[in-house]
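Everything on this sheet refers to the single structure shown next.
Each reported figure results from applying straightforward, stated rules to the coordinates on display, with no laboratory input. All of these numbers come straight from a predicted model, not from anything done at the bench. A quick note on method: Cβ atoms are made from the backbone with ideal geometry, for glycine too, and the neighbour counts reach across all protein chains shown.
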Amino acid sequence: KAGVTQTPRYLIKTRGQQVTLSCSPISGHRSVSWYQQTPGQGLQFLFEYFSETQRNKGNFPGRFSGRQFSNSRSEMNVSTLELGDSALYLCASSRGQGLYNEQFFGPGTRLTVL
Amino acid sequence: AQSVTQLDSQVPVFEEAPVELRCNYSSSVSVYLFWYVQYPNQGLQLLLKYLSGSTLVKGINGFEAEFNKSQTSFHLRKPSVHISDTAEYFCAVSDQTGANNLFFGTGTRLTVIP
């Protein structure tokens with residue numbers, strides 16, 4: 001069974017640009033969550049999508065947005081990039097909502113903003 | 001809201017020695033508790049979780065953790081570590097509302113010394 005895949009694995013952008021990251025969940029999983037990992041702030045929850053609807057959102061500015069498609073694949077978008085957006089962005093999928101459903105994490109996309 | 005404190009940022013230990021990684025949490029509601037491991041350039045892997053029932057939880061790779069409600073702790077232990085256990089370990093907490101968002105600690109870097 002294929003795991004969670006994230007593309008691209010590495011990305012370099014400049015300040016002011018926008019970026020789109022993609023996450024393909026494990027087959028049959030309908031929930032996708034996104035996390036940001038930085039040395040200073042650690043791992044922080046961005047948002048969760050379930051059945052194409054955003055169910056939860058963390059404390060991030062509106063420049064961070066996402067969506068989920070009918071096949072459960074998810075994208076997150078960051079507009080007007082800032083240096084502080086440099087981070088490892090992790091995606092996690094689970095079969096359903098609620099933490100009785102184990103979350104499986106992808107390898108992440110490392111975004112560098114110059 | 002929930003929060004997690006991992007008291008040790010780095011823990012060096014000799015191979016085959018026991019190890020304990022400490023985790024304390026704060027929450028005004030009942031919580032679920034998790035330990036994840038992250039190897040270099042990889043995503044997070046679930047080691048074990050406490051959802052309900054027995055307070056002693058056994059996980060993968062010989063790890064176990066004990067939920068102590070009175071001390072609001074969920075320390076991770078392994079009786080004999082291997083070189084391959086060198087990694088970053090994260091404690092995480094979530095409330096029981098059915099949401100998939102996890103609150104992570106800042107991580108503990110476990111280094112096993114041959």
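A simple rule links phi to the HN-Hα coupling: the Karplus curve 6.51 cos²θ - 1.76 cosθ + 1.60 with θ = phi - 60°, which for the stretch B:10-20 gives 9, 9, x, 8, 6, 4, 6, 7, x, 9, 9 Hz, with x for Gly and Pro.
Phi angles across the stretch A:70-81 convert, under the Karplus curve 6.51 cos²θ - 1.76 cosθ + 1.60 with θ = phi - 60°, into 3J(HN,Hα) values of 5, 8, 6, 4, 10, 10, 10, 10, 10, 9, 6, 4 Hz, Gly and Pro given as x.
Partner lysines whose Cα lies under 17 Å from the Cα of B:Lys78, excluding those fewer than 8 positions away in the same chain, are identified as B:Lys49, B:Lys58.
Residues whose amide H lies under 5 Å from that of B:Thr86, counting only those 5 or more places away or on a different chain, are B:Val112; hydrogens are built 1.01 Å from N in the peptide plane.
Kirkwood analysis of the Cα pair distances in the stretch B:21-114 returns a hydrodynamic radius of 13.7 Å.
Pair-distance distribution P(r) for the protein assembly as shown, from all Cα-Cα distances in 10 Å bins starting at 0: 8, 33, 35, 20, 4, 0 percent. The alpha carbon radius of gyration of the stretch A:20-114, expressed as a multiple of 2.2 N^0.38 Å, is 1.02. The relative contact order of chain A, computed from alpha carbon pairs under 8 Å that lie at least 6 residues apart in sequence, is 36 percent. Considering the dipole of chain A built from charges on the beta carbon (Lys and Arg +1, Asp and Glu -1) around the Cα centre, which of A:Gln41, A:Ala87, A:His29 is farthest to its positive end? After comparing all options, I get A:His29.
Scanning residues 5 or more positions from B:Val11 or on other chains, those with amide H under 5 Å from its amide H are B:Arg109, B:Leu110, B:Thr111, with H placed 1.01 Å from N in the peptide plane.
Can you list which of the chymotrypsin sites (Phe, Trp or Tyr not before Pro) found in the stretch A:41-88 are DSSP loop residues with at most 16 other C-beta atoms within 10 Å? Could the numbers behind the result be given before it?
On the way: sites: A:Phe45, A:Phe47, A:Tyr49, A:Phe50, A:Phe64, A:Phe69; in loops: A:Phe69.
Here the chymotrypsin sites (Phe, Trp or Tyr not before Pro) that fit, given the DSSP loop and packing criteria, are A:Phe69.
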